[in-house]
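Input: a single structure, listed below in structure tokens.
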């Protein structure tokens with residue numbers, strides 16, 4: 001027994017698999033994906049073999065090695081959502097964005113993902129946009145949601161444009 | 001010391017011995033694809049299955065990972081074990097029909113037909129190369145990536161790893177892939193390819209990077225053109 005506790009303590013000190021997961025979560029949160037250079041840096045700094053990090057990064061679906069869009073759209077196809085017509089919603093979103101689940105739009109604004117359950121089955125069918133849960137979604141509602149986000153995106157762009165314009169005027 | 005029964009024999013083994021090691025010590029052969037004396041046991045291939053316990057409470061365990069326990073009743077060649085082993089070998093043959101190791105093992109165990117669709121994979125995910133790289137070569141250059149049916153062995157980001165020094169240990173130990181030396185070729189009975197080579201690592205380093213026999217230089221195709229004849 002004593003021996004076991006001792007080895008457990010040693011394992012805690014050493015970077016093990018689970019500490020890699022939390023490291024990767026931090027990176028993913030910061031960059032929206034796992035950039036190769038950052039993973040290489042972590043491997044060097046923490047003295048973890050790069051292959052161990054890469055194994056963990058490819059094992060979990062939550063980690064992405066390719067850059068993600070600005071807005072992350074997640075559709076659910078769990079049992080409850082499926083029964084209440086999530087397939088139609090997902091198809092509508094796919095059609096509007098012009099991408100399949102797992103891909104990012106060319107302008108880098110939206111990435112679409114499909115998961116098997118989000119744990120909020122009472123709100124089925126569910127669509128999550130940037131961590132915000134939208135329940136009881138129909139294809140029409142999904143379209144509205146999408147419009148809302150594109151308008152928001154446009155406003156942001158215009159704002160940025162205005163700022164640029166004023167800056168230019170000031171420069172004159 | 002631990003007392004246990006192995007195929008009806010009362011035997012004594014030291015603490016921390018696995019069932020496979022115990023059987024080997026007492027001269028009982030158990031087939032395995034993912035086991036190597038010099039590497040940590042992994043329990044991936046399941047070919048080393050043995051039956052422990054008696055009657056309705058008996059079960060199959062992988063002997064390479066199962067530690068010997070006091071009073072354990074182990075049987076290595078029961079009907080159930082052999083049936084399971086044969087099925088496994090049939091599945092391995094379907095996955096990797098070109099592997100010499102698997103073919104030899106299959107014919108040794110009387111597996112003559114394959115009822116499954118042939119896959120022609122070059123990997124059975126036994127993990128020998130990964131352990132060889134990490135434990136014997138201190139490389140940690142390759143490992144498992146992805147999961148489920150997408151699981152495979154590769155270097156990080158599918159690029160040549162910085163840790164890899166081309167020692168060839170992974171190819172040396174692989175029971176399945178065809179990059180290894182296929183033995184002397186029929187057309188040329190004396191190939192001697194292994195004799196007339198200086199280890200290729202000497203081109204890059206001052207000292208040889210491995211002490212493998214035969215030198216993996218010929219397996220890398222430096223010494224002669226690799227000929228694949230199935």
Every listed condition ((1) at pLDDT below 90; (2) in contact with a strand residue (DSSP E or B) (Cβ under 6 Å, 6 or more places away or on another chain)) holds for residue A:64 save (2)
Here are A:3, A:41, A:29, A:45: which of them is modelled with pLDDT of 90 or more and either under 16 Å from residue B:158 (Cβ atoms) or surrounded by fewer than 16 Cβ atoms within 10 Å (Cβ to Cβ) (or both)? A:41
Out of (1) buried (at least 17 other Cβ atoms within 10 Å of the Cβ); (2) in a strand (DSSP E or B), the one residue A:133 does not meet is (1)
When residue B:97 is evaluated against the numbered criteria (1) under 18 Å from the mean Cα position of the chain (by Cα); (2) without any contact (Cβ under 8 Å) to a residue 12 or more places away in the chain, which criterion, by number, is the only one it fails? (2)
When the residues of region A:43-71 are narrowed to those that are in a helix (DSSP H, G or I) and away from every other protein chain (no Cβ under 12 Å), which ends up nearest to residue B:134 (Cα to Cα)? A:46
Tell me which helices (runs of 4 or more DSSP H) are completely within region B:58-148 and hold 3 or more residues being more than 14 Å from every other protein chain (Cβ to nearest Cβ), touching a strand residue (DSSP E or B) at 6+ places or on another chain (Cβ under 8 Å) and at pLDDT 90 or above, or say none if there are none. B:79-95
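Residue-wise test of (1) in contact with a helix residue (DSSP H, G or I) (Cβ under 6 Å, 6 or more places away or on another chain); (2) surrounded by fewer than 23 Cβ atoms within 10 Å (Cβ to Cβ); (3) in a loop (DSSP other than H, G, I, E, B).
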site: B:24; (1), (2), (3): no, yes, no
site: B:27; (1), (2), (3): no, yes, yes
site: B:43; (1), (2), (3): no, yes, yes
site: B:51; (1), (2), (3): yes, yes, no
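The values are calculated or read from the model by the stated rules, or taken from the named source; none is laboratory data. Nothing here was measured: the structure is a model prediction, and the numbers come from that model. Glycine also receives a Cβ, built like all others from the backbone with ideal geometry; neighbour counts cover every protein chain displayed.
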